[in-house]
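One structure is given here, and the rest of the page talks about it.
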Protein chains: 2
Amino acid sequence: MCKMLRLPILRFLTSPTPLAPPSALSKTLAPPLLPLFASPKPPTTPIRSAMCTLSEAASSRLLFRQLFEKESSTFTYLLADVGHPDRPALLVDPVDKTVERDLSLIKDLGLKLTYALNTHVHADHVTGTGLIKGMMPDVISVISKASNAKADLHVEAGDKIVFGKLFLEAREGADQPHPRLAFTGDALLIRGCGRTDFQIFTLPKDTFVYPAHDYKGFTVSTVGEEMKFNPRLTKDEGTFQGIMENLNLSYPKMMDVAVPANLVCGLQDLVAKV
Amino acid sequence: MCKMLRLPILRFLTSPTPLAPPSALSKTLAPPLLPLFASPKPPTTPIRSAMCTLSEAASSRLLFRQLFEKESSTFTYLLADVGHPDRPALLVDPVDKTVERDLSLIKDLGLKLTYALNTHVHADHVTGTGLIKGMMPDVISVISKASNAKADLHVEAGDKIVFGKLFLEAREGADQPHPRLAFTGDALLIRGCGRTDFQIFTLPKDTFVYPAHDYKGFTVSTVGEEMKFNPRLTKDEGTFQGIMENLNLSYPKMMDVAVPANLVCGLQDLVAKV
């Protein structure tokens with residue numbers, strides 16, 4: 001889809017998850033509160049007797065919503081720590097056209113929006129980050145350092161974005177085998193992919209995959225499922241490269257509008273929009 | 001949307017849920033295996049010491065996928081008991097245009113499709129049930145008795161559809177306060193509604209609401225959230241009636257095709273379609 005762009009991406013992987021067995025979950029919950037962008041190693045030997053408690057705590061404190069923008073087939077994710085008195089929240093990949101819906105939901109749920117993140121510089125829609133910051137200047141915009149896009153905070157692999165007692169971790173590879181939800185941007189789509197790398201497949205097979213886009217009506221998959229059934233990524237690396245080089249994709253509709261806008265967090269024409 | 005039709009509906013409510021605290025979950029798991037369409041009362045005094053175990057068992061055995069058909073904005077739900085050796089599955093509200101996607105997913109996941117259910121006679125798309133039965137004659141189609149539509153099984157309030165050790169319960173009202181996921185058909189949409197009744201709001205506030213349709217990109221809500229923020233259902237019954245009588249909705253696009261087809265489970269032109 002964006003092979004001419006070759007923009008670097010970060011994937012955001014998070015910890016607590018619906019349907020996760022406590023043994024998997026507990027590993028991810030190690031530090032009760034993480035300082036922003038510190039990257040302490042999680043303990044490698046979790047205390048088994050504390051597992052159930054930790055798992056219940058995580059499940060009951062994470063509010064998680066998947067939201068869809070039909071025109072660009074983009075998913076926006078809302079996550080919040082509702083166990084924390086401030087109910088801090090973050091949005092992943094907000095779209096300009098659905099900012100009103102998202103902020104209204106955040107208000108309804110009594111959440112305090114702290115971060116607005118982009119997994120990558122999108123070529124098919126304008127990010128909602130600029131509009132959000134126009135209305136809520138305290139919200140911190142986040143994108144990868146490697147993207148060369150403007151934002152309040154630039155993250156790189158290992159950086160953690162903490163909201164309450166939960167955190168998202170930015171990753172380029174997949175070196176730590178303990179996330180439970182992976183926000184894969186366009187690097188891994190359900191039964192498809194954009195730009196990708198095969199490292200994603202070193203994640204545990206039961207990791208839930210939540211992509212930035214879907215064109216067929218899927219909402220979630222797992223790493224194991226994509227390893228087995230993804231029509232592109234089940235090929236060897238050479239065949240995969242051949243497929244990707246011969247896709248003959250049409251030029252993304254919104255490319256000339258979206259990419260320049262997203263490189264400045266959708267802020268270039270903010271006055272006209274608000 | 002369908003006020004001229006006034007077709008009776010059933011809402012399907014199910015038990016185990018992502019993110020549910022074990023105290024709520026355990027109540028729903030009472031009988032280890034339920035005979036089809038029996039409706040035994042759940043035990044009113046769950047054994048507290050067994051709670052955690054029950055909750056973990058339910059969470060780890062339920063596979064749950066929400067799937068979307070963009071043109072009619074319809075959600076299809078796939079549920080399966082993956083803890084059972086047969087991995088029995090059921091589809092709620094399949095759409096004819098996405099049957100291939102759904103069956104391919106079911107095959108990928110190694111599930112055995114047992115039931116195809118419709119929450120109501122849809123006016124905006126043709127159900128996929130007929131196509132599915134054409135390809136898999138053993139699949140049992142299910143709809144409410146009150147719908148007057150054709151199906152292998154007709155259910156009424158209190159009937160349970162068992163798959164493995166899990167079950168869906170058909171309800172017209174909301175007399176038993178213990179479901180964790182509610183498939184609300186068009187009776188309760190997120191921040192909207194079709195035909196509805198206020199009894200849904202007697203369900204526990206943390207019940208997850210999974211509607212048959214969404215037009216704004218929402219995927220899930222809760223009973224508590226809709227009680228507070230649903231712009232129609234927060235009005236008193238008189239005001240609500242006024243709103244619904246003055247919606248001046250356009251005639252549903254697919255009404256003349258979809259309703260006759262759905263009354264025979266999408267089977268009327270099966271030969272032409274397959």
Filtering region B:88-126 down to residues that are away from every other protein chain (no Cβ under 12 Å) and among the hydroxyl-bearing types (Ser, Thr, Tyr) yields B:Thr114, B:Tyr115, B:Thr119
Taking region B:229-243 and keeping residues without any contact (Cβ under 8 Å) to a residue 24 or more places away in the chain and either in a loop (DSSP other than H, G, I, E, B) or within 14 Å of chain A (Cβ to nearest Cβ) (or both) leaves B:Thr234, B:Lys235, B:Asp236
- Query: Any chance region A:118-132 includes a residue that's under 24 Å from A:Leu181 (Cα atoms), at pLDDT 95 or above and more than 15 Å from the chain's Cα centre (by Cα)?
  - Reply: no
Among residues of region A:193-250 being crowded, with 17+ Cβ neighbours inside 10 Å and small (Gly, Ala, Ser), the residue nearest to A:Asp93 (Cα to Cα) is A:Ala212
* With respect to A:Gly217, determine if the residue is out of contact with any His (no Cβ under 6 Å at 6 or more places or on another chain), part of a loop (DSSP other than H, G, I, E, B) and at pLDDT 85 or above. => yes
Would you check if B:Ser144 is of a type in the set (Gly, Ala, Ser), closer than 23 Å to B:Leu181 by Cα and more than 14 Å from every other protein chain (Cβ to nearest Cβ)?
-> yes
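The values are calculated or read from the model by the stated rules, or taken from the named source; none is laboratory data. Predicted, not measured: the structure shown is a model, and the values here were computed from it. Quick reminder, even Gly has a Cβ in these numbers, built from the backbone with ideal geometry, and neighbours come from all protein chains shown.
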